[in-house]
Amino acid sequence: MPFPSPPRSPSGPRRRTLLASAAGAALLVGCTSRSDDSDGGTSGSPSLAERARARAARDSEGLVGHYDAVLAVHPVLTELLGPLRAQALRHAGAFGGGSPGPSAGSPTPSGAPKAGKASPSASPSSAPVPEHERDALAELAAAERALADRRAKALLDLPGELARLLASVAAAGAAHAYLLTEAAK
């Protein structure tokens, strides 16, 4: 006696799962293919790696400035944006960046002037913050996504550990973009 077939539901992984898996596999391939080039490469490599590390730190600090600007205009978003801002700040520190301003210790800037202090290091935060929370979240999501894409492309040219770090931070940025996009719906 044959078993009855299960109810007709989509078999196999969903499209998002496949895309995330493909992106993760591409990042891993990029990282592992460079692992044989240890950090002690040619004389040009340290300079390239140091420039990439400084650029990544500046980009993360700029993202923190963008979060600060949005939080200054929309303090009601603190619960959602505080942890993401803290992660961006940790990413800047992982790349050797410093604190972008006095509000670095707390996820909420205490006033608009302090948020303005953090914005000179960030080109994205020099634009005005949208009035509507959804638009502000969508703008942050776009900034996170664009930065994650740039980092994923850049890691292919970097040596070992720095490529792994950049891949990890790019993946976190993609996750932040997803969370922000979902919150903006």
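A few points about this structure:
- Within the range 122-138, the set of residues being surrounded by 18 or more Cβ atoms within 10 Å (Cβ to Cβ) and within 20 Å of R58 (Cβ to Cβ) comprises A122, P124, S125.
- Taking every residue in the range 158-175 that is under 11 Å from F95 (Cβ atoms) and pairing it with any residue that is part of a helix (DSSP H, G or I) and open to solvent by 10 Å² or more (accessible area, probe 1.4 Å), at least 6 positions away or on another chain, the pairs with Cβ-Cβ distances below 6 Å are L162/A49; L166/R151; V169/H91.
The values are calculated or read from the model by the stated rules, or taken from the named source; none is laboratory data. Owing to the predicted nature of the structure, the values given are computational and were not obtained by experimental measurement. Neighbour counts run over all protein chains shown; Cβ positions are idealised from the backbone, glycine included. Only protein heavy atoms, including side chains, enter the accessible area calculation; ligands, DNA and RNA are left aside. Shrake-Rupley method; radii C 1.70, N 1.55, O 1.52, S 1.80 Å.
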